[in-house]
Amino acid sequence: MLDWQDANNGSIPDGAQHAGVDTDKLPLYVARARIPGRGNGWQPGKIRVGLGAAYIPFGGAEVSVDSYQVLMNPSIYFPTIAGAPEGEGYEGTYPPETGGWIPPGYPGSWGYAYSEFATEPHAILCGQDVDGSPLFCAVVSYEGVQPGKAGWQLGGANIGYGGDEMQGLSPYGVLCDESFGWEMGNPNAPVPPGSVPCGTDDDGGTLYLARAIDFHWLEFNPPVSEPQGSTGLQLGKIRADGWGLQGACIPYAGQEHHVPNCQVLTAPSGKSLVWVEAANGEIPDGALALGCEGNGMPLFAARGFIGSALQVGKIRPGFEGAYIPYEGNEVSVTQYAILVAP
(Lines give C-alpha, C1' and ligand atoms only; values in the text may rest on other atoms or scores of the structure.)
Protein backbone atom coordinates (compact mmCIF):
# COMPACT_ATOMS: atom_id res chain seq x y z
CA MET A 1 0.00 0.00 0.00
CA LEU A 2 1.01 3.61 -0.31
CA ASP A 3 3.12 5.03 2.49
CA TRP A 4 1.75 8.42 3.59
CA GLN A 5 3.58 10.20 6.42
CA ASP A 6 2.00 12.87 8.59
CA ALA A 7 3.62 16.32 8.44
CA ASN A 8 2.75 19.94 9.20
CA ASN A 9 3.75 23.56 8.76
CA GLY A 10 5.76 23.04 5.59
CA SER A 11 7.89 20.11 6.73
CA ILE A 12 8.81 17.44 4.15
CA PRO A 13 9.88 14.04 5.55
CA ASP A 14 13.11 12.47 4.34
CA GLY A 15 12.41 10.05 1.50
CA ALA A 16 9.38 11.90 0.16
CA GLN A 17 8.29 11.08 -3.41
CA HIS A 18 9.57 13.68 -5.90
CA ALA A 19 6.67 14.20 -8.31
CA GLY A 20 7.17 17.52 -10.08
CA VAL A 21 9.17 20.70 -10.48
CA ASP A 22 8.11 24.29 -9.84
CA THR A 23 8.84 27.32 -12.02
CA ASP A 24 11.95 28.07 -9.90
CA LYS A 25 13.20 24.48 -10.50
CA LEU A 26 12.57 23.46 -6.88
CA PRO A 27 11.19 19.91 -6.54
CA LEU A 28 7.52 19.43 -5.77
CA TYR A 29 6.19 16.55 -3.69
CA VAL A 30 2.81 14.83 -3.48
CA ALA A 31 0.75 15.86 -0.47
CA ARG A 32 -2.83 15.29 0.55
CA ALA A 33 -4.99 16.89 3.21
CA ARG A 34 -8.48 17.05 4.61
CA ILE A 35 -10.06 20.43 3.93
CA PRO A 36 -11.42 21.82 7.24
CA GLY A 37 -15.21 21.78 7.32
CA ARG A 38 -15.52 19.77 4.07
CA GLY A 39 -15.76 16.19 5.26
CA ASN A 40 -13.14 13.53 5.91
CA GLY A 41 -12.02 12.86 2.34
CA TRP A 42 -8.35 13.22 1.45
CA GLN A 43 -7.68 15.79 -1.32
CA PRO A 44 -4.40 15.38 -3.26
CA GLY A 45 -2.14 18.38 -3.86
CA LYS A 46 1.48 19.45 -3.46
CA ILE A 47 4.19 20.80 -1.19
CA ARG A 48 7.74 22.07 -1.60
CA VAL A 49 10.46 23.67 0.45
CA GLY A 50 9.47 27.19 1.50
CA LEU A 51 5.70 26.92 1.09
CA GLY A 52 5.00 26.52 4.82
CA ALA A 53 1.93 24.36 4.18
CA ALA A 54 0.46 21.89 1.71
CA TYR A 55 -1.41 23.51 -1.18
CA ILE A 56 -4.56 21.72 -2.33
CA PRO A 57 -6.73 22.57 -5.36
CA PHE A 58 -10.28 22.80 -4.01
CA GLY A 59 -13.44 24.81 -4.59
CA GLY A 60 -11.88 27.00 -7.28
CA ALA A 61 -8.95 28.08 -5.10
CA GLU A 62 -5.53 26.89 -4.02
CA VAL A 63 -6.10 26.13 -0.34
CA SER A 64 -3.22 26.03 2.15
CA VAL A 65 -3.50 23.39 4.88
CA ASP A 66 -1.12 23.27 7.83
CA SER A 67 -1.57 19.55 8.66
CA TYR A 68 -1.23 17.08 5.80
CA GLN A 69 0.35 13.84 4.62
CA VAL A 70 3.29 13.40 2.22
CA LEU A 71 3.78 10.45 -0.15
CA MET A 72 6.88 8.40 0.70
CA ASN A 73 6.98 5.66 -1.97
CA PRO A 74 10.03 6.14 -4.22
CA SER A 75 9.16 3.01 -6.26
CA ILE A 76 5.64 4.08 -7.25
CA TYR A 77 5.26 4.86 -10.92
CA PHE A 78 4.28 8.32 -12.19
CA PRO A 79 3.56 8.18 -15.93
CA THR A 80 5.20 10.62 -18.31
CA ILE A 81 3.21 13.55 -19.63
CA ALA A 82 3.48 15.70 -22.73
CA GLY A 83 5.35 19.01 -22.61
CA ALA A 84 7.21 18.42 -19.37
CA PRO A 85 10.71 19.81 -18.96
CA GLU A 86 13.45 17.52 -20.26
CA GLY A 87 15.78 16.03 -17.69
CA GLU A 88 13.13 15.87 -14.98
CA GLY A 89 11.99 12.32 -15.73
CA TYR A 90 8.72 13.31 -17.37
CA GLU A 91 9.60 13.19 -21.06
CA GLY A 92 7.19 11.68 -23.56
CA THR A 93 3.47 11.61 -24.09
CA TYR A 94 0.95 10.14 -21.74
CA PRO A 95 -2.77 9.60 -22.58
CA PRO A 96 -5.57 10.40 -22.16
CA GLU A 97 -5.37 13.12 -24.80
CA THR A 98 -8.81 14.44 -23.88
CA GLY A 99 -10.22 15.65 -20.59
CA GLY A 100 -11.87 13.47 -17.96
CA TRP A 101 -10.66 10.69 -15.76
CA ILE A 102 -10.87 7.29 -17.41
CA PRO A 103 -9.22 4.33 -15.66
CA PRO A 104 -6.62 2.13 -17.35
CA GLY A 105 -7.70 0.19 -20.38
CA TYR A 106 -10.75 2.12 -21.47
CA PRO A 107 -10.98 2.91 -25.23
CA GLY A 108 -9.33 6.18 -26.17
CA SER A 109 -7.18 6.36 -23.06
CA TRP A 110 -4.59 3.71 -22.24
CA GLY A 111 -4.75 1.56 -25.30
CA TYR A 112 -7.05 -1.29 -24.40
CA ALA A 113 -7.34 -3.71 -27.32
CA TYR A 114 -8.17 -7.33 -27.86
CA SER A 115 -4.53 -8.12 -28.47
CA GLU A 116 -2.60 -11.22 -27.45
CA PHE A 117 -0.61 -9.27 -24.87
CA ALA A 118 -1.54 -6.03 -23.16
CA THR A 119 0.15 -4.63 -20.05
CA GLU A 120 -1.04 -1.43 -18.42
CA PRO A 121 -0.32 0.38 -15.17
CA HIS A 122 -3.10 0.63 -12.62
CA ALA A 123 -4.20 3.89 -10.98
CA ILE A 124 -4.03 4.00 -7.18
CA LEU A 125 -6.83 5.47 -5.08
CA CYS A 126 -5.41 8.40 -3.09
CA GLY A 127 -8.46 10.22 -1.71
CA GLN A 128 -12.13 11.02 -1.91
CA ASP A 129 -14.06 14.07 -3.02
CA VAL A 130 -16.74 15.63 -0.81
CA ASP A 131 -19.39 13.49 -2.54
CA GLY A 132 -17.36 10.30 -2.04
CA SER A 133 -16.07 10.09 -5.62
CA PRO A 134 -12.56 8.59 -5.95
CA LEU A 135 -9.59 10.94 -6.33
CA PHE A 136 -6.18 10.06 -7.78
CA CYS A 137 -2.82 11.86 -7.64
CA ALA A 138 -2.07 13.56 -10.97
CA VAL A 139 0.76 15.54 -12.52
CA VAL A 140 0.29 18.19 -15.22
CA SER A 141 2.78 20.07 -17.38
CA TYR A 142 1.86 23.62 -16.30
CA GLU A 143 4.47 26.20 -15.26
CA GLY A 144 6.80 23.27 -14.61
CA VAL A 145 5.25 19.94 -13.60
CA GLN A 146 2.56 20.49 -11.00
CA PRO A 147 1.07 17.73 -8.78
CA GLY A 148 -2.67 17.80 -8.27
CA LYS A 149 -5.68 15.52 -8.48
CA ALA A 150 -7.80 13.72 -11.05
CA GLY A 151 -11.20 12.09 -10.84
CA TRP A 152 -13.77 10.75 -13.26
CA GLN A 153 -16.10 13.60 -12.28
CA LEU A 154 -13.57 16.43 -12.78
CA GLY A 155 -13.28 16.50 -16.58
CA GLY A 156 -9.48 16.50 -16.39
CA ALA A 157 -6.79 17.11 -13.78
CA ASN A 158 -7.05 19.96 -11.27
CA ILE A 159 -3.97 21.67 -9.83
CA GLY A 160 -3.36 24.62 -7.56
CA TYR A 161 -1.28 27.48 -8.93
CA GLY A 162 -1.00 31.17 -8.08
CA GLY A 163 -3.82 30.93 -5.56
CA ASP A 164 -6.32 29.46 -8.05
CA GLU A 165 -7.55 25.97 -8.84
CA MET A 166 -6.75 25.31 -12.48
CA GLN A 167 -9.47 22.90 -13.57
CA GLY A 168 -9.93 20.27 -16.26
CA LEU A 169 -6.33 20.26 -17.54
CA SER A 170 -5.22 17.64 -20.03
CA PRO A 171 -3.13 15.64 -20.79
CA TYR A 172 -2.05 14.51 -17.37
CA GLY A 173 -0.37 11.58 -15.63
CA VAL A 174 -1.91 9.58 -12.80
CA LEU A 175 -0.06 7.82 -9.97
CA CYS A 176 0.04 4.13 -10.90
CA ASP A 177 1.40 0.74 -9.93
CA GLU A 178 3.05 -1.40 -12.60
CA SER A 179 3.25 -4.66 -10.65
CA PHE A 180 0.46 -6.30 -12.62
CA GLY A 181 -0.73 -6.42 -16.20
CA TRP A 182 -3.40 -8.01 -18.37
CA GLU A 183 -3.23 -10.65 -21.08
CA MET A 184 -5.81 -12.06 -23.45
CA GLY A 185 -6.69 -15.72 -23.19
CA ASN A 186 -7.71 -17.91 -26.12
CA PRO A 187 -10.28 -20.68 -26.57
CA ASN A 188 -7.71 -23.36 -25.81
CA ALA A 189 -6.13 -21.55 -22.88
CA PRO A 190 -8.58 -19.03 -21.37
CA VAL A 191 -6.21 -18.31 -18.48
CA PRO A 192 -2.78 -17.18 -19.84
CA PRO A 193 0.54 -18.18 -18.22
CA GLY A 194 1.46 -15.83 -15.39
CA SER A 195 -2.15 -15.21 -14.30
CA VAL A 196 -2.50 -14.79 -10.55
CA PRO A 197 -5.02 -16.83 -8.51
CA CYS A 198 -7.59 -14.67 -6.74
CA GLY A 199 -10.18 -17.08 -5.34
CA THR A 200 -11.72 -20.54 -5.29
CA ASP A 201 -14.94 -21.90 -6.73
CA ASP A 202 -17.52 -24.18 -5.07
CA ASP A 203 -15.70 -27.29 -6.30
CA GLY A 204 -12.28 -25.98 -5.26
CA GLY A 205 -11.33 -24.79 -8.75
CA THR A 206 -9.05 -21.73 -8.95
CA LEU A 207 -10.59 -18.38 -9.91
CA TYR A 208 -8.74 -15.53 -11.63
CA LEU A 209 -9.63 -11.87 -12.06
CA ALA A 210 -10.93 -11.05 -15.56
CA ARG A 211 -12.34 -7.97 -17.28
CA ALA A 212 -14.35 -7.38 -20.43
CA ILE A 213 -15.15 -4.20 -22.32
CA ASP A 214 -18.52 -3.22 -23.81
CA PHE A 215 -19.50 -6.86 -23.72
CA HIS A 216 -23.07 -6.24 -24.93
CA TRP A 217 -21.59 -6.01 -28.45
CA LEU A 218 -20.18 -9.52 -28.13
CA GLU A 219 -21.76 -12.94 -28.15
CA PHE A 220 -22.43 -14.21 -24.64
CA ASN A 221 -24.83 -16.37 -22.68
CA PRO A 222 -27.41 -15.76 -21.32
CA PRO A 223 -28.61 -13.21 -23.89
CA VAL A 224 -29.88 -9.87 -22.60
CA SER A 225 -31.41 -6.86 -24.28
CA GLU A 226 -28.73 -4.42 -25.37
CA PRO A 227 -28.26 -1.67 -22.75
CA GLN A 228 -28.08 1.96 -23.74
CA GLY A 229 -24.55 3.24 -24.16
CA SER A 230 -21.34 1.64 -22.97
CA THR A 231 -21.14 -1.04 -20.28
CA GLY A 232 -17.60 0.16 -19.59
CA LEU A 233 -14.73 -2.10 -18.54
CA GLN A 234 -16.33 -4.57 -16.14
CA LEU A 235 -14.52 -6.86 -13.67
CA GLY A 236 -15.39 -10.49 -13.02
CA LYS A 237 -13.90 -13.97 -12.77
CA ILE A 238 -12.61 -16.80 -14.93
CA ARG A 239 -11.21 -20.29 -14.43
CA ALA A 240 -9.00 -22.46 -16.56
CA ASP A 241 -11.37 -25.42 -16.86
CA GLY A 242 -15.08 -26.13 -17.22
CA TRP A 243 -17.11 -23.02 -17.90
CA GLY A 244 -13.86 -21.06 -18.13
CA LEU A 245 -13.66 -22.21 -21.74
CA GLN A 246 -16.74 -20.06 -22.42
CA GLY A 247 -14.92 -16.95 -21.21
CA ALA A 248 -15.26 -14.72 -18.19
CA CYS A 249 -18.23 -14.47 -15.85
CA ILE A 250 -19.06 -10.77 -15.51
CA PRO A 251 -21.61 -9.36 -13.02
CA TYR A 252 -23.72 -6.63 -14.59
CA ALA A 253 -27.28 -5.29 -14.21
CA GLY A 254 -28.23 -8.06 -11.80
CA GLN A 255 -27.04 -10.95 -13.97
CA GLU A 256 -24.00 -13.13 -14.53
CA HIS A 257 -22.86 -12.86 -18.16
CA HIS A 258 -20.49 -15.29 -19.90
CA VAL A 259 -18.19 -13.23 -22.12
CA PRO A 260 -15.85 -15.07 -24.52
CA ASN A 261 -13.35 -12.22 -25.11
CA CYS A 262 -11.65 -10.98 -21.95
CA GLN A 263 -8.35 -10.12 -20.31
CA VAL A 264 -6.93 -11.86 -17.24
CA LEU A 265 -4.81 -10.27 -14.50
CA THR A 266 -1.17 -11.35 -14.71
CA ALA A 267 1.98 -10.67 -12.69
CA PRO A 268 5.73 -11.10 -13.11
CA SER A 269 7.30 -14.04 -11.31
CA GLY A 270 7.55 -13.50 -7.56
CA LYS A 271 4.83 -10.86 -7.34
CA SER A 272 1.89 -11.47 -5.02
CA LEU A 273 -1.46 -9.77 -4.58
CA VAL A 274 -2.36 -7.74 -1.51
CA TRP A 275 -5.99 -7.84 -0.38
CA VAL A 276 -7.35 -5.53 2.35
CA GLU A 277 -10.46 -6.51 4.30
CA ALA A 278 -13.39 -4.09 4.15
CA ALA A 279 -17.16 -4.05 4.64
CA ASN A 280 -20.42 -2.29 3.80
CA GLY A 281 -19.22 -0.36 0.76
CA GLU A 282 -15.88 0.81 2.17
CA ILE A 283 -13.01 1.18 -0.33
CA PRO A 284 -9.60 1.30 1.39
CA ASP A 285 -6.81 3.73 0.62
CA GLY A 286 -4.48 2.43 -2.11
CA ALA A 287 -7.14 0.39 -3.95
CA LEU A 288 -6.27 -0.27 -7.62
CA ALA A 289 -8.63 1.07 -10.28
CA LEU A 290 -8.77 -1.81 -12.77
CA GLY A 291 -11.99 -1.09 -14.66
CA CYS A 292 -14.79 1.42 -14.97
CA GLU A 293 -18.50 1.90 -15.54
CA GLY A 294 -19.77 3.22 -18.84
CA ASN A 295 -19.68 6.79 -17.46
CA GLY A 296 -16.02 6.43 -16.40
CA MET A 297 -16.50 5.83 -12.66
CA PRO A 298 -13.63 3.55 -11.54
CA LEU A 299 -14.22 -0.07 -10.54
CA PHE A 300 -12.05 -1.90 -8.02
CA ALA A 301 -11.40 -5.63 -7.72
CA ALA A 302 -13.05 -7.34 -4.76
CA ARG A 303 -13.55 -10.84 -3.48
CA GLY A 304 -15.78 -12.35 -0.83
CA PHE A 305 -17.12 -15.63 0.46
CA ILE A 306 -20.34 -17.13 -0.83
CA GLY A 307 -20.68 -20.20 1.32
CA SER A 308 -17.21 -21.74 1.51
CA ALA A 309 -16.10 -20.42 -1.91
CA LEU A 310 -13.96 -17.27 -2.20
CA GLN A 311 -15.58 -15.62 -5.23
CA VAL A 312 -14.18 -12.73 -7.30
CA GLY A 313 -15.98 -9.58 -8.48
CA LYS A 314 -16.05 -5.79 -8.22
CA ILE A 315 -16.93 -2.76 -6.13
CA ARG A 316 -17.23 0.99 -6.63
CA PRO A 317 -18.44 4.02 -4.64
CA GLY A 318 -22.19 3.83 -4.12
CA PHE A 319 -22.26 0.05 -3.73
CA GLU A 320 -23.18 -1.28 -0.28
CA GLY A 321 -20.94 -4.28 -0.83
CA ALA A 322 -18.95 -6.19 -3.43
CA TYR A 323 -20.83 -7.59 -6.43
CA ILE A 324 -20.01 -11.16 -7.41
CA PRO A 325 -21.13 -13.19 -10.47
CA TYR A 326 -22.65 -16.39 -9.10
CA GLU A 327 -25.09 -19.01 -10.42
CA GLY A 328 -26.48 -16.68 -13.07
CA ASN A 329 -26.93 -13.69 -10.75
CA GLU A 330 -25.05 -10.62 -9.53
CA VAL A 331 -24.77 -11.29 -5.80
CA SER A 332 -23.87 -8.63 -3.21
CA VAL A 333 -21.67 -9.50 -0.22
CA THR A 334 -21.12 -6.98 2.58
CA GLN A 335 -17.87 -8.53 3.91
CA TYR A 336 -15.10 -8.60 1.29
CA ALA A 337 -11.48 -7.74 0.49
CA ILE A 338 -10.17 -5.27 -2.11
CA LEU A 339 -7.01 -5.51 -4.21
CA VAL A 340 -4.58 -2.71 -3.29
CA ALA A 341 -1.16 -1.49 -4.44
CA PRO A 342 1.43 -3.90 -3.00
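The values are calculated or read from the model by the stated rules, or taken from the named source; none is laboratory data. Just so we're clear, the structure is a prediction, and the values are computed from it rather than from any experiment. A quick note on method: Cβ atoms are made from the backbone with ideal geometry, for glycine too, and the neighbour counts reach across all protein chains shown.
Among the residues here, Glu165 does not qualify as in the same structural domain as Val65 (by TED's automatic domain parsing), in contact with a Ser or Thr (Cβ under 8 Å, 6 or more places away or on another chain) and at pLDDT 85 or above.
Quick check: is even one residue across segment 283-299 among the β-branched types (Val, Ile, Thr), within 29 Å of Ala33 (Cβ to Cβ) and assigned to a strand (DSSP E or B)?
no
Among residues that are modelled with pLDDT of 95 or more, among the charged types (D, E, K, R) and farther than 30 Å from Arg211 by Cβ, Glu62 is included.
If you filter segment 252-265 down to residues that are surrounded by 14 or more Cβ atoms within 10 Å (Cβ to Cβ) and modelled with pLDDT of 90 or more, you find that the one that is farthest from Pro197 (Cα to Cα) is Tyr252. All conditions but one from (1) surrounded by fewer than 24 Cβ atoms within 10 Å (Cβ to Cβ); (2) within 24 Å of His122 (Cα to Cα) apply to Ala309; the one that does not is (2). Among the conditions (1) of a type in the set (A, V, I, L, M); (2) closer than 30 Å to Met72 by Cβ; (3) crowded, with 21+ Cβ neighbours inside 10 Å, Ile238 misses just one, which is (2). When segment 184-210 is filtered for residues that are modelled with pLDDT under 85 and out of contact with any Leu (no Cβ under 8 Å at 6 or more places or on another chain), the ones remaining, listed by number, are Met184, Gly185, Asn186, Asn188, Ala189.
Only residues that are buried (at least 22 other Cβ atoms within 10 Å of the Cβ), under 20 Å from Lys314 (Cβ atoms) and in contact with a Gly (Cβ under 9 Å, 6 or more places away or on another chain) were counted across segment 171-190, and they come to 3.
Within segment 3-11, is there a residue that is charged (D, E, K, R) and closer than 26 Å to His122 by Cα? Lay out the reasoning, then the answer.
First, the residues of segment 3-11 that are charged (D, E, K, R): 3, 6.
Add one more test, that the residue is closer than 26 Å to His122 by Cα, and what stays is 3, 6.
Yes; the residues of segment 3-11 include at least one that is charged (D, E, K, R) and closer than 26 Å to His122 by Cα.
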